[in-house]
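Worksheet: the structure to be examined is printed underneath.
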Amino acid sequence: MPEEKPLKKTIDKLLRAYGYQDQLDELEIIKIYENLVGKLFANHTQKIGFKNKVLYVKLDSASLKQELNFVKEGLVEKLNRELGRRLVEKIVIK
């Protein structure tokens, strides 16, 4: 009798095989980021990118950049907790 696997695991493997998982991970990270930082930061975020376990965030406000810089390590932990796996290792603020 074959081992039964949850559908999510099977779909995840299929997406990885076809190279779509990275894009889906990026979309999920962006959504979680916006929820975690709140409307003020989300409204001043000009660009978000994710590559090689690094989240790149571009803000249009120097004071918000500084404020986010103080909490970025905690934000990494919260992002990974929400994702359910260690996907983000670092945040770079521009």
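When the alpha carbon coordinates of the stretch 1-57 are projected onto the principal axes, the ranges are 54, 20, 13 Å, largest first. For the stretch 7-93, the Kirkwood estimate of the hydrodynamic radius, built from every pair of different alpha carbons, is 13.6 Å.
One chain, two ends: residue 46 and residue 86. Fully extended at 0.36 nm per residue, the span grows by 11.9 nm beyond their Cα-Cα distance.
Along the charge dipole of the stretch 1-57, which of 7, 52, 19 sits closest to the positive end, that is, farthest toward it, with unit charges on the beta carbon of Lys, Arg, Asp and Glu (+1, +1, -1, -1)? The residue sitting most towards the positive pole is 52. Membrane-span-like helices of the chain, defined as complete DSSP H segments with a Cα extent of 18 Å or more along the helix axis and a mean Kyte hydropathy of at least -0.5, are identified as 21-44, 62-83.
Where a number appears in this text, it was derived from the coordinates with a stated rule and is not lab data. Nothing here was measured: the structure is a model prediction, and the numbers come from that model. Cβ: placed from backbone, ideal geometry, glycine included. Neighbour counts: every protein chain shown.
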